1. So which of A:Gly309, A:Gly286, A:Gly253, A:Gly237 is more than 14 Å from chain B (Cβ to nearest Cβ), more than 20 Å from B:Gly297 (Cβ to Cβ) and either at pLDDT 95 or above or surrounded by 18 or more Cβ atoms within 10 Å (Cβ to Cβ) (or both)?
2. Does B:Ala336 meet the test of being at the interface with chain A (Cβ under 7 Å from one of its Cβ atoms) and surrounded by fewer than 17 Cβ atoms within 10 Å (Cβ to Cβ)?
3. For the range B:183-197, state whether one or more residues are polar (S, T, N, Q) and either more than 9 Å from ligand 2 (Cβ to nearest atom) or free of Cβ contacts under 8 Å to residues at least 12 places away in the same chain (or both).
4. With away from chain B (no Cβ under 14 Å), of a type in the set (Gly, Ala, Ser) and either within 16 Å of the chain's Cα centre (by Cα) or part of a helix (DSSP H, G or I) (or both) as the only criterion, which of A:Ala280, A:Ala318, A:Ala333 stands out?
5. If I filter the range B:47-56 down to residues being surrounded by 24 or more Cβ atoms within 10 Å (Cβ to Cβ) and of a type outside the set (S, T, N, Q), which single residue comes out as farthest from B:Cys255 (Cα to Cα)?
6. As an exercise: evaluate B:Asp266 against (1) farther than 24 Å from B:Phe101 by Cβ; (2) more than 14 Å from every other protein chain (Cβ to nearest Cβ); (3) within 16 Å of ligand 3 (Cβ to nearest atom); (4) not polar (S, T, N, Q) and give the number of the one condition it does not meet.
7. Of (1) at the interface with another protein chain (Cβ under 10 Å from one of its Cβ atoms); (2) within 15 Å of ligand 3 (Cβ to nearest atom); (3) crowded, with 24+ Cβ neighbours inside 10 Å, B:Cys215 satisfies all except one. Which?
8. Check whether at least one residue in the range B:189-198 is near ligand 1 (Cβ under 9 Å from one of its atoms) and not in a loop (DSSP other than H, G, I, E, B), and report yes or no.
Amino acid sequence: MTEGITTPGAGWRRADGPPAQKRQKRRRRGGGRPGGEVAMVEEAEFTSYYGRPIIKPPVWKTPDVPLYLFLGGAAGSSSIMAALADLTDRPALTRNARYVSGGAAIASVVFLVHDLGRPERFLHMLRVIKPTSPLSIGSYILAPFSAAAGATAAVELLGWFPRLKRFGGVVAALFGGPLATYTGVLFANTAVPSWHAAHKELPFVFGASGMAAGGGLTMALSPIDEAGPSRKMAVAGAAIELAAMHRVETEFGIVSEPYHEGRAGRLLRAAKSCTAAGAALTVVAGRRRAGAVVAGALLAAGSLLTRFGVFEAGMASARDPKYTVVPQRERLAARENGHAPTITR
Amino acid sequence: MTSISSASPAFTGRDPDNRLFGPLPDVQGEAGYDGDHPARVGFFTDTSVCIGCKACEVACKEWNTLPMDDAHGVRDVIGLSGMSYDNTGQLGANSWRHVAFIEQTRTVDLPMPTFGRPGDDRQDSGRSVPDGPNDDSLATAQQSSVLNAEALSEFDPQTGQSGTDKQIRWLMSSDVCKHCTHAGCLDVCPTGALFRTEFGTVVVQDDICNGCGYCVPSCPYGVIEQRKGDGRVFKCTMCYDRLTDGLQPACATACPTQSIQFGNLDELQARADARLATLKEQGVETARLYGRDEDDGVGGNGAFFLLLDEPEVYGLPPDPIVTTRDLPAMWKSAGAAAVMILGVALSAVLGSRRLR
Ligand code: SF4
Ligand code: SF4
Ligand code: SF4
């Protein structure tokens, strides 16, 4: 519906001062539009209401929420590592992985509750269960996980109930994977353009990043000869994280932009350096004490920075109406031109 | 009575097609209300007759005792936005109606030097729309391919003429929560604080909301917001308290031009279609309905609009979708990623020989 008398919008422009009057113009980055022969085309021109954001940026606090994601990822993957190490008789690795997962689980609950506007109503999360709400499902993952992982770590510390410990560890491991990946859905299932566009990739980014962190931390804490599985998991996680993040940063045209620019861009570049260096160091020096410690720290830092970077990128894309308007305009134009619409029914 | 679900109908088993988007003929029924629930109500906001008086904003603030804030949501300060006559700035926790105010100009090609005394054309343009142009001038206007200032000023209800080759118009539009058929805020609320009422509207229960803030970025229109210093979220209730007592919403009652029309949604839709046809007939080619289409990304709005320019000019998204439309793909992806972690960990353990 862009018909005017002679031009779209019939030639109307906002009438106030120069910054608002000039319609914001941008040249699209070439390439990287999925399935499109339209890659190099148009200058995306867009209008907005006095440059104000269209959607409301998340009110989630930083560092609470990025920390929550990081801790959840590390806890999830190390709980799996703990259970498997327990079953294959690696006592030191089992113990350390349980400490990591238990400690991170409890801390992540604290950060999640602290982020609520009404923390005393945390238990309202468990009033209903809603598959349409990743936060509801996430609460039902986090609650049993943190109980099981926390209890397992506690009895590990106190040295009680060895049998029960194994059971608790297995329960935690069952919820560990979902805990590490559901947070991707948590972010993606919003109207935030840069998160929503990457909705298939974010669970992999966060899951893999969790493996890198969990593997790195348990490897740094455990004796070299038992930590083989941690090293492998850390390296694989780092590789998958880098690959998935690369897709997020390049595949989505204009909404990939916030992942390169400003604070988010800097954080994510730092994240990539840390993760890559940590993985490389694990391979060459992971079998030496100092190497393992430094590599583990680098991997954990990379994972942490990834969460902060993705968080900031989403915030930036929510604050700028460009990222809401331009993709939606493109979608409308594609539908009008009879291209296969992005909305498939 | 059956239980009322605050989840999308797709997961309650009441919708065989498992729809997370698209039209829903009986929104309340899908949410679990019995067959004898009241009709779905809504707003038709006809911005072509809005005069920007902000009576709706004031009425809403008064009725709902909303706190004062400035254009950026800062509590208890008086602030001028400095951008237009709009000092409300946005919908938010403390402003459930927001009158957008856009001043626009355009350059027009005057086809001929004006004959007669200067100022004659001004009197001309003062004619009100209903007395309207006669058929002759309508035909002339439609024939002329140039932007004819004189003709257009007669047809566009919100155009004034500055007398030169520049035209000015003011667009005013009272924005409000859309009470979406598929409401992102409602879908993602983990506590069930947001629910669908028997009138088909979407309301927050402030004794349940724990301020998780998930609904805030999930609304494709940026409506719902957390109130600073309170922690919970707030938005238009379509005056649920008034509706249950058989009253009209406060904002619609206060509107002096009937720009805000409240009623049963299907009647409003018919009225809006007729109004659009009238405007098109009068030559207002940029008029369009927004949120009326039930095939749009949110299944249509309970509160929809007649606009005179592109939606984004008013701060509305041009093609909103409910974020949960893609949720099945996301859950699938998360499941696959969780399996991947398990697989990697398993092969890491099995692939490592103990060196001891
Ligand atoms: S407009 Fe936003 S706040 Fe209102 S019902 Fe739709 S999603 Fe919810
Ligand atoms: S902030 Fe309140 S209304 Fe919004 S999703 Fe959370 S609990 Fe629901
Ligand atoms: S319906 Fe009621 S709550 Fe909603 S904007 Fe109007 S007056 Fe405010």
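1. Exactly one of A:Gly309, A:Gly286, A:Gly253, A:Gly237 is more than 14 Å from chain B (Cβ to nearest Cβ), more than 20 Å from B:Gly297 (Cβ to Cβ) and either at pLDDT 95 or above or surrounded by 18 or more Cβ atoms within 10 Å (Cβ to Cβ) (or both), namely A:Gly309.
2. No.
3. yes
4. Checking each option against the conditions leaves just A:Ala280.
5. Residue satisfying both the conditions and the ranking: B:Cys50.
6. So the condition that B:Asp266 fails would be (3).
7. (2)
8. Checking the range B:189-198: at least one residue is near ligand 1 (Cβ under 9 Å from one of its atoms) and not in a loop (DSSP other than H, G, I, E, B).
The values are calculated or read from the model by the stated rules, or taken from the named source; none is laboratory data. Since the structure is predicted, the reported quantities are computational estimates derived from the model, not experimental observations. Backbone-built Cβ (ideal geometry, glycine too); neighbour counts: all protein chains shown. Remember, those area values only see protein heavy atoms, side chains included, never the ligands or the DNA or RNA. Shrake-Rupley method; radii C 1.70, N 1.55, O 1.52, S 1.80 Å.
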